[in-house]
Structure formats: C-alpha cells, structure tokens
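Everything on this sheet refers to the single structure shown next.
The values are calculated or read from the model by the stated rules, or taken from the named source; none is laboratory data. Note that the structure is a prediction, hence the values are computed from the model and not measured. Cβ placement follows ideal geometry from the backbone for every residue including glycine, while neighbour counts extend to all protein chains displayed. Areas reflect the complete protein model, heavy atoms only, side chains present, ligands, DNA and RNA absent. Shrake-Rupley method; radii C 1.70, N 1.55, O 1.52, S 1.80 Å.
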Amino acid sequence: MNFFWWKKETLSPDCEDLQGRLSLEAQSQQTSNGKAMPPSEESFSMPSKDTENPGKQMKADMETIAMQETPAAEKIPICEDPSILHNMLSDFRKHVNGQIQTAKEISEKEILCIGDCVNKIVNHAREYIDQSKNTMDHSFSEQSTAMEDYLNYSRQTIETQSNTVKNALSLSNQISEAGEAVDRLAGEAKLLALNATIEAARLGGSSGKAFGVISEEMNHLSNQIATTNGMIGDTIKAVQESLPSIMKQTTAQIEKLETFMGVMDQLKKNMGDDLSTSNDAGNTHLEMIMSLAYAALSHLQYQDPMIQNLQKIDYLMKDLHEELNQGLNINDTPDQIKQTQLGCLPEYQHHEDLDEGDTQNSQNSGEIVLF
Amino acid sequence: MGKQILVVDDSAAIRQQVGLALAQAGFEIIEAADGNEGVSAVDQHPSIAMVISDVNMPNMNGLEMVSAIKKKPANKALPILMLTTEGQPSLIKQAKAAGAVGWIVKPFNAGQLVATVQKLTA
C-alpha cells in the first residue's frame, strides 16, 4: 500500500496523465500535512504546457522525462520529519483501538443485560405455564376425587336403603305368616270356649258355673286376639303395600344416580380434554416464546462479528504502519509496531497460512456444516 | 442434570447467547474465554459431552485448542463444533483435520444450534 510516498519510475509515453495526477496528489499531501515539501530535483515536476500545440508539448515532455534518469522505485519522502507521521499513526491507532475497545465493552455490557432479560422472560413464562398447568391439574384431580367420593357415597346409601326395604318386605311377610298362625290359635281358643260353654251347660251347678266363667273369658280372649291380629294384619298389609312403592322409588334413585354418574364421567372426560387442550396451548405459547427468544439471541449476535470486523481495522492499520515505516526508513521492529496495539485490544493470531485467494467465506451465516 | 456443554469464546455475549439457548434446552453450560481455558476445562470436567468453540481467540486460538484436546486419547470421541465469524475453506479444512465435527458461521440460529447439539450428544 503505497499511500504515503510515490515511487519514481520511468513512465511510458502514455503516462502523462498519471504523472500529472501523481504530482498533484503529492502537492495535496504536502498541504494536508501542513508542512511544505522542500523542492527537490527528485520530485516530479510538471513540464511547462504548450497549449497551442499539444503534440509538440507531449514530445517535449517525453524528452524531459527521459532526461530524468532516476533509479526505479526510489522512495520520495513527503515530510521533513518522518517520525511525526509515525507518531501520528501510532496515536491514531491507539485512539481507534481505544474507541473500538470502548464500543466493545459498552455493547457487550448492554447485550449481556438484554440476554439476561430474554432469559428471565423465558424462565418467567415457563414458570407461569408450569404453575398454571400444575394448578389446573391439581384442581381437576381434587374436584374429580370429591365428585367420585360423593357419588360412591350416594350409591352406597341408596343400595343400603334398597336392602333395608327388601328386608322389611321379607319381615312383613314373616309377620303375616305369624298373624295367620295367631288367627288359627284364636279360632282354636274360640272353639275351646264353645266346648267350655257346652260343658258348663251339661254339668250345671257350681262346676258348670266355673266352666261358664272360663268359657266366657276364653271367648273374650279369642275375640281380643282376633281383633288385635286383625289390626296387626291391617298394619302389615299397609306396610307391604307401601314397600313396593319405596322399592320402586329406590330403584328410580339408583337409575338416576347411574345416569348422573354417566354425565359426571362425560363431564370429567370433557374437563380432562379441556385440561389437555389448555396444557397443549401452554406448551405452544412456551414454544413460541422460546422461538422468539432464540430469534432475539440470534439478532443479539451482531455485536461479535461487528467488533471482530472493527478489530480488523487495526490489522490494516498495522500493515499500513509497517509500510509507512519502511517508506520513512524507520527501523521499528514488528514487535514495536505490534506494541502499539497491545494493551488496547487482544492480539489475535493471523491466519497467515491461508491459501492464496482464500479470503472469502464459503459458508453462509448460520449455516451448519457437519464433517 | 443435563449433559455438560463447554462453550469457548472470548466474547462474553456469545458465551451467554449460546449458553442461554442450550440451557433452555436442558443442557448444563461450562464457559471458557480462550483456548487455554478450554483445554483446562476439558481436563477438569471429564463428563463434558461436547465443546462449542470460537476460532479467533487470544492466547490460544480455537484450532490450536482442538488439536490440543484431540491429542489426548480420552478425548478422541469428544465432539467439537466450531462457531466463528470466519468461513474460509482453508480454515474449515484445518478444523476438520484437527478433529472438529462441524463448522457454523456466526450469527447462528439458536434453534438449529440446539438441534445440532442434541443430535451430536445423543
């Protein structure tokens, strides 16, 4: 990179424009450095122009150039004190590297904060969704258990009631049978009373009178037994008549309970489906949040390539510095030049063993190549 | 406890971004800031399941680190994935020769990186 000096070479006849441009740029360099270049015989000078006869002027120019037998590639200093340029570039490099380092530190700090926020957002979302899922699962499980317990209790109660009614029916049948036996006993007692009356009439006197009393009492007793048994029979009959109705009601209750249990099972299934849908929706939202977080992380990566590219500016400046020093005959060693960089930016190893022309990326950003 | 992934990069931001992406997928992250720290971390944590490393780093670069890690027979099967801004074929060739399993040019897609790590550590 011959930015700061010009090499005087023998120009071909068609290089007049180049020669003129070089001379003008050299003058411009003098002005920008603020130092006047001492006139030198070795400096290029524009031949006087003959505007009326360009062909003649060109020939004269060529002769002038031919007479300047300057050795090829001779370096022409562009300032009186080369170390000023050297120091200016050193300072400039330090300044630029300092700015790059500051930019790196600030942007890295901010990006770490943003990354931390992204992480917190994802964690918060994950925690919230997990918590919601657990709460709903727990609530659903609790309600299902309570409902099942209540229905089982109701079923057991109705079944117990049904069994009690069946037992009552059975007992009432037994009582009816006992009532029939009592009826027979009452009939026998009435027959005995009749026999006693006949015997009392046959015996007569005091003996007959005693039999008469017994006969009368037995008759009275048999009537009372019959009356009482009849009342019991009526009651049992009323109970027996009511039991089928109770039994029917109990059966209806069991049927209703079974229907209700079927409805509850369907409800439970629907709630389970809703819960599953809700959980799936939660997972979908979490995946979306994760996807957005990943996208945010991808965008945050701009900082690293940006800083690395900025750091490459120093590689260019270092090359420039070396070439400048060569041009100005300053014998800084490469380590001394490198030292300008140290303390500001980390020194990366150059990949100087790259194949010629192997400077372009063969992969697109984000592309993953597995060997 | 998830599988341990070593992330080697001199950029704290990149370490964080790779770490966040992998941590969300259930991996445990160990960080190193250059090749020297990377080699030490592999020695200290034999349970590391995979290494993701930058190439351009101070002290010891990523390619040197791969060679140093792969020198040890115990690390022959340890997958090392290069994650870098560089993409020159010569460098990729060197990484492959040193024993790396793959190459990603930054910026990376976090989802794809996670999928690749899951595949390589399965």
When all Cα-Cα pair distances of region A:120-268 are considered, the percent exceeding 19 Å is 73 percent
Express in whole angstrom the spacing between the alpha-carbon centres of region A:211-259 and region A:288-309. 92 Å
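In region B:4-107, how does Rg compare with the Kirkwood Rh, expressed as the Rg/Rh ratio over alpha carbon atoms? Present the calculation step by step, with values, prior to reporting the outcome.
Values: Rg = 12.3 Å, Rh = 13.3 Å.
Rounded to two decimals, Rg/Rh equals 0.93.
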Apply the Karplus parameterisation 6.51 cos²θ - 1.76 cosθ + 1.60, with θ equal to phi minus 60°, to every residue of region A:95-109 and state each ³J(HN,Hα) to the nearest whole Hz, in sequence, with x for glycine and proline. 5, 4, 4, x, 5, 5, 4, 4, 4, 5, 4, 5, 5, 5, 4
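For the B and A pair, go ahead and give the buried accessible area with a 1.4 Å probe, both sides summed, in Å² to 100.
Values: alone 6140 and 26100 Å², together 28420 Å².
Separately minus together, B and A give about 3800 Å² buried.
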What distance in nm separates the simple spin-label points at residue A:136 and residue A:256, each placed 7 Å from Cα in the Cβ direction? 3.4 nm
What fraction, in whole percent, of alpha-carbon pairs in region B:54-101 exceed 12 Å separation? 59 percent
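Please average, across the residues of B:19-28, the number of beta carbons from any other chain that are within 10 Å of each residue's own beta carbon, and give a whole number.
Values: counts 3, 11, 6, 0, 3, 11, 2, 0, 0, 0.
Per residue, the number of nearby Cβ atoms from other chains is 4 on average.
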Residues from region A:269-299 losing no less than 50 square angstrom of accessible surface in the full protein assembly compared with the chain alone, 1.4 angstrom probe, ligands and nucleic acids excluded, are A:294, A:297
Projected label distance in nm at residue A:103 and residue A:267, using a 7 Å step from Cα toward the beta-carbon: 6.8 nm
If you roll a 1.4 Å probe over region A:110-300 with all protein chains in place, what percent of the accessible area is carbon or sulfur? 60 percent
Averaging sequence separations of C-alpha pairs under 8 Å and six or more residues apart, then dividing by the length of region B:1-117, give the relative contact order as a whole percent. 24 percent
Accessible area in square angstrom per residue, region B:4-107, 1.4 angstrom probe: 32 Å²
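What does the convex hull of the Cα atoms come to per residue for region A:267-331, in Å³?
Details: hull volume 3.1 nm³, N = 65.
Hull volume normalised by residue count: 47 Å³.
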For a quick check: with amide H placed at 1.01 Å from N, whose amide H comes under 5 Å from residue B:53's, ignoring anything fewer than 5 positions away on the same chain? B:8, B:81, B:82, B:83
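To the nearest 20 debye, what charge dipole does region B:1-89 have about its Cα centre, counting +1 at the Cβ of each Lys and Arg and -1 at the Cβ of each Asp and Glu? Can you show the working numbers first?
Values: 6 positive and 10 negative charges, 87 e Å.
It works out to roughly 420 debye.
Any of B:3/B:71; A:312/B:106; B:71/B:106; A:109/A:312; B:70/B:93; A:166/A:237 with alpha carbons more than 18 Å apart? Name them for me. Please list the in-between numbers first.
Values: B:3/B:71 23 Å; A:312/B:106 16 Å; B:71/B:106 27 Å; A:109/A:312 21 Å; B:70/B:93 16 Å; A:166/A:237 15 Å.
Long pairs (Cα-Cα over 18 Å): B:3/B:71; B:71/B:106; A:109/A:312.
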